[in-house]
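Input: a single structure, listed below in structure tokens.
What follows is calculated from the coordinates using simple rules that are stated; it is not laboratory data. Keep in mind the model is a prediction, meaning the values are calculated, not measured. Don't worry about glycine lacking a Cβ; one is built from the backbone with ideal geometry, like all the others, and counts go over all protein chains shown.
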Amino acid sequence: MSWDWDFGDGSAHGTTQNVSHTYAAAGTCTWRLTVSTASGASCSKTGSITIGTSTCTVSCTAGVPGFSTTLITTPLCGSAVVGGCAGSASYDWDFGDGTPHGTRRDEVHTYAEGGTYTWRMTVTAETATCVRSGAVVIAGPMRVWVPVISRASGHVGGWRSDLGMLNRKSSAEAKVTLVARTSSGTLTGSITVPRNGQEILRDVALLLGLTSGPGALELSSDQPVIVTSRTYNLQEGGRTFGQGYDGMLLEDGVAAGQTAYLPQLTQNGTPGQVVTYRTNIGITNMGSTTAGITLDLYDGAGGLVWSNPRDIGAGPWYQYNEPYRSGAGRNDLARGYARITVNSGSSVVAYASVIGNASSDPTTIMMRR
């Protein structure tokens, strides 16, 4: 037995015993049902149906911020007014990033990557719909690196590092995540810097759980922050001496095929001798892949005295301890400089510590392009 439904509006016929059909336009249509058997017998019934105009209407609004970041959830708020509809409204949120849609009136969504995304909200009741759309700019987290922090034994009382974070935004707190990258693994922490506020974390390495040794420090913030640090030595009577390291952005680093210089280096004299100095050089790879670098040491006349290629993994910090003496075998240089060439990788930062032999007081020399 076969079934043929002619709905009378020129649309495709129905072929099952029981059917439903949506008429696209108002008016009167003549329907016809024909039932046929395998032997060729058939029976037809016909009638008419009047299709009225639906009174269901939907109006809607959507509220989505124009700017957000990957570190926080972005609110997407909808509302709708439904009139003359048999049921309630349903919501569909397309966040624009290819993730599953949201179905609640008010949604929250975390975007995984920075970029501009076109969102779309569709409200449906019966056959009535209302659509609103727009764009949201998602900023990736601000990433800042402090080339080195330390909690280590040293001259008299040992080395410590303090970390400063200044939030200049008056409209929002800064949520900051800290990751210390050490030879034994990573240590994490977080802090909220108030609006227009300054936070200083004393002995930040210990706060993160680093009880001994140095490491690089990576910070991620949902707001622009100014990052500074001071690594210092505790002396008798509470006196200190030390050096500062500014926060570095990824774009501040040196990439493959580029070079940077460390000027005003000195290696001469012996421990305790006044007006003589020793030099250490530190390299931090802020990039996401291993970086290949070459360190070239020069004397004051521009003569190359030592060259050392080295691979540095993503995140770690490496220090050359007195490379003029330990590498080049030179301890008679009143003036010199270093050149760092990045052979592969990106976002490499270099610095030098020029240390007085008599006082052990260090001065930071940051790389120059």
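Under the criterion of Cα pairs below 8 Å and six or more residues apart, the relative contact order for the chain equals 12 percent. Report summary: the helix-based calculation at 222 nm, which adds -39500 (n - 2.57) for every DSSP H run with n ≥ 4 and divides by the residues of the chain, gives -500 deg cm²/dmol. With the charge dipole of the range 1-150 set up from +1 on Lys and Arg Cβ and -1 on Asp and Glu Cβ about the Cα centre, the Cα lying farthest toward the positive end among the listed residues Ile49, Ala25, Ser68 is that of Ser68. Extending 7 Å from Cα along the Cβ direction at Ser171 and again at Thr16 yields two label points whose distance is 5.4 nm. The order of the peptides 31-41, 80-90 by mean Cβ neighbours within 10 Å, most packed first, is 80-90, 31-41.
Each of Thr124, Ala174, Phe95 was placed along the dipole of the range 95-176 (beta-carbon charges, centred on the mean Cα), and the one lying farthest toward the positive end is Ala174. Computed from phi, the 3J(HN,Hα) profile of the range 105-112 under the Karplus parametrisation 6.51, -1.76, 1.60 (θ = phi - 60°) reads 4, 10, 10, 10, 8, 10, 7, 7 Hz, with x in place of Gly and Pro. For the range 1-108, the Cβ-based charge dipole about the Cα centre amounts to some 340 debye (Lys, Arg positive; Asp, Glu negative; other atoms uncharged). Under 5 Å between amide hydrogens, built in the peptide plane, is the criterion, and for Val305 it picks out Leu297, Tyr298, Asp299 among residues at least 5 positions away or on other chains. Report, for the chain, the % of DSSP beta bridges that are antiparallel, rounded to 5. Rounded to the nearest five, the antiparallel share is 100 percent. Quick check: the distance between the Cα centres of the range 230-257 and the range 336-355, to the nearest angstrom? The two parts, judged by their Cα centres, are 15 Å apart.
Backbone geometry of the range 275-285 corresponds, through the Karplus equation with coefficients 6.51, -1.76 and 1.60 at θ = phi - 60°, to 3J(HN,Hα) couplings of 6, 10, 9, 10, 10, 10, 10, x, 10, 10, 9 Hz, x marking Gly and Pro. Given the options Thr28, Thr73, Thr129, state which has the largest fluctuation in a GNM of the chain using a 10 Å cut-off (strictly under) for Cα springs. Greatest mean-square fluctuation among the candidates belongs to Thr28. Only one residue of Asn280, Leu295, Pro224 has its Cα farthest out toward the positive end of the dipole of the range 209-317, where Lys and Arg carry +1 and Asp and Glu -1 on Cβ, and that residue is Asn280.
Highest mean packing first, where packing is the average number of other Cβ atoms within 10 Å per residue, the peptides 210-216, 143-149 line up as 143-149, 210-216.
The range 157-208 and the range 12-70 have Cα centres separated by 63 Å. As a ratio to 2.2 N^0.38 Å, the alpha-carbon radius of gyration for the chain is 1.68.
Can you classify the range 224-352 as rounded, prolate or oblate using the Cα gyration tensor, where a ≥ b ≥ c are the square roots of its eigenvalues, rounded means a/c under 1.5, and otherwise it's prolate if a/b beats b/c and oblate if not? Cα axes put the range 224-352 in the oblate bin. Taking the chain as a Gaussian network of alpha-carbon nodes connected by springs under 10 Å, the highest mean-square fluctuation of the residues Ser346, Ser11, Ser59 belongs to Ser11. Using only alpha-carbon positions in the range 1-156, the gyration tensor eigenvalues give semi-axes of 59, 20, 11 Å once each is multiplied by 5 and square-rooted (largest first). Averaged over residues, the count of other Cβ atoms within 10 Å places the peptides 244-255, 268-279 in the sequence 244-255, 268-279, highest first. Think of each Lys and Arg Cβ as +1 and each Asp and Glu Cβ as -1; about the Cα centre, that makes the dipole of the chain roughly 820 debye.
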